[in-house]
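Below is one structure, written out as structure tokens; the observations come after it.
Bear in mind that the values in this text are calculations on the coordinates, not laboratory data. All values reported here derive from a predicted model rather than from experimental measurement. Heads up, the Cβs are rebuilt from the backbone with ideal geometry, glycines too, and the neighbour counts pull from every protein chain shown.
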Amino acid sequence: MVITNQQLKEYYHNLADPKGRIARDVKNGKLIPLVKGIYETDSNAFPPYLAQFIYGPSYISFDFVLHYHNLIPEAVYNIITCASFNKRKIKTYTNKFGTFIYKDVPLAVFYLGVIVKIEGTYSYQIATPEKALCDKLYTISPVQSVDDLKMLLFDDLRIDEDKFNALNKQDILKLAPLYRSKNLNLLEKLIKGKK
């Protein structure tokens, strides 16, 4: 369970030294720091559950989701990639649960193509595979043609072509123009069969 410093102070309000008790709980492993002032009580918590508490608003996307859906072969264990907006720079946090990386996407698409999942006492937000692909292409330097995009997708990123072909193309076509990105414009052309 994720708990904040403020909640802990309220919980320990009857103690003479609530801050000391929190420090002892951290030292004894009862509280695991996520970022300053936020802790997890379960040392076995699944890292993606914690991403939005570390930095928000955010949702899980990019390579983590692409691998989760077998679109890319590279495993990204202990690296949770997330989308944020209006932060203007990549943010990275490392703790006992792994490394959490946050990159901006446009506000116009931030809330689209994101699913809220509930697992036990945790709820978290995760991109659909279509959205994760769009997010990923948005953060990569632009290529010049549809052929270049194919090379980027299938050679450089090593996207599985069968999995790519199974994606919901209508979802991608709704999302792509909203990024106002050359790579996403080329993806739209690729899907529509244009050169």
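Pairs from the list 9/136; 89/182; 89/117; 163/194; 96/150; 136/192 with a Cα-Cα gap above 30 Å: 9/136; 96/150. For Cα extents along the principal axes in Å, the value computed from the atomic coordinates appears in the list [x] 53, 40, 33; [y] 71, 29, 27; [z] 47, 31, 28 under label [y]. Within straight-line reach of residue 131, meaning a Cα separation under 12 Å, sit the following aspartates and glutamates at least 8 residues removed in sequence or on another chain: 63, 171. Which whole-angstrom value gives the distance between the alpha carbon centres of the stretch 91-147 and the stretch 161-178? Each part's Cα centre sits 15 Å from the other's.
Each of the chymotrypsin sites (Phe, Trp or Tyr not before Pro) that DSSP puts in a loop and that has at most 14 other Cβ atoms within 10 Å breaks the chain; the longest unbroken stretch is 112-195.
For trypsin sites (Lys or Arg not before Pro), the sites in the stretch 23-73 that DSSP calls loop and that have at most 11 other Cβ atoms within 10 Å are 36. Fewest neighbouring Cβ atoms within 10 Å first, the residues 160, 147, 135 line up as 147, 160, 135.
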